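Worksheet: one structure, shown below.
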Amino acid sequence: MNSTMGENSCSTICERAMKLFQRCGLKAVTMDDVSKEMSISKKTLYTFFQNKSDLVDQAIRKKMKSHKSELDSIKKSKENAIEELMANHSMLINILEQFGKNFFALRKYYPSTFDWASHQRKNTIIKSCKANLERGISEGIYKSDIDVEKISLLRYFSLTGITEDETLSESPELRNSLLNKSLVMHVQYIATKRGVTCLNDTLQSNKNAKSFLI
């Protein structure tokens, strides 16, 4: 099989499988379901993946890679650090809406993939937060004397504390409200007067667009 064709086919299967996981649940989906979804034989499916665990692992890895690319695109497209932070937050909410409950199934049934994904997520969040803080300081909308290292860790633990609480997964409205409040408190603590004005303007703009409700 041509390696490029194989990679493209593998990526397509992973993408369609992720949609199945989101729709039906990570535990419930079988390799039979995936082969039917793709209109291919199980024999063909097994030329790309050793078993379901391998499929889950590759699908998660490709999804997280796409999330990193999306974060990079957001950073380049937003006018300032606060707008970037808000867009990152909206992205997080969308991910939780799509895959939130499967997070706990991943932890239970695919622990090695979960551990890898958790490590990558921690590195990505902390790196992104540090970069955002440094950008905001340079733009004059974050205070120059903030402790970038500690605030990045605090932000990471705030996010994971809320998103990894299984009881909150049953109440997405409450979970999202807590995430929103956490974000606003984070910015209010680090922002200069100009940054607070920027925050309020961005929140109002998002409220008018019904895309970010506090």
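Which helices, taking whole DSSP H runs in the chain, have alpha carbons extending 24 angstrom or more along the helix axis plus mean Kyte-Doolittle at least -1.0?
Values: long enough: 3-24 (31 Å, -0.31); 52-77 (37 Å, -1.23); 81-99 (27 Å, 0.53); 111-139 (41 Å, -0.90); 172-190 (27 Å, -0.01).
Those that clear 24 Å and a mean of -1.0 are 3-24, 81-99, 111-139, 172-190.
Please tell me which of these pairs span more than 32 angstrom C-alpha to C-alpha: K76/K181; K75/K108; K42/K62; K62/K193; K42/K65; K75/K150? Violating the 32 Å limit, Cα to Cα: K75/K108; K62/K193. Backbone amide hydrogens, once placed in the peptide plane, bring A191 within less than 5 Å of K143, excluding anything fewer than 5 places away on its chain. Taking label positions 7 Å along the Cα-Cβ direction at both K68 and I146, the computed distance is 2.5 nm, reported to one decimal.
A helix-only calculation puts the chain at -26500 deg cm²/dmol for mean residue ellipticity at 222 nm, using -39500 (n - 2.57) for each DSSP H run of at least four residues, averaged over all residues. Note that the range 44-50 has calculated 3J(HN,Hα) couplings of 5, 4, 6, 6, 9, 9, 5 Hz, one per residue in order, obtained from phi through the Karplus relation 6.51 cos²θ - 1.76 cosθ + 1.60 (θ = phi - 60°); glycine and proline are x. Here each label is just a point 7 Å from Cα along the line to Cβ, and for N94 and S205 those points are 1.7 nm apart. With r defined as the distance between the Cβ atoms of R194 and K108 and R0 fixed at 35 Å, what FRET efficiency is calculated, to the nearest 0.05? Plugging the Cβ-Cβ distance into 1/(1 + (r/R0)^6) gives 0.15.
For K78, the aspartates and glutamates whose Cα comes closer than 17 Å to its Cα, not counting residues fewer than 8 places off in the same chain, are E70, E134, E139, D201. On the principal axes of its alpha carbon atoms, the chain extends 62, 39, 33 Å, with the longest extent given first.
Counting beta carbons within 10 Å around each of F21, F49 and listing the fewest first gives the order F49, F21.
In terms of surrounding Cβ atoms within a 10 Å radius of their Cβ, M64, M185, M18 rank from fewest to most as M185, M64, M18. When E83, E170 are arranged by Cβ crowding within 10 Å, least crowded first, meaning fewest neighbours, the order is E170, E83.
Given +1 at the Cβ of Lys and Arg, -1 at the Cβ of Asp and Glu and no other charges, the dipole of the chain around its Cα centre is 220 debye to the nearest 20.
Values in this text are rule-based calculations from the coordinates and carry no lab data. All values reported here derive from a predicted model rather than from experimental measurement. Cβ: placed from backbone, ideal geometry, glycine included. Neighbour counts: every protein chain shown.
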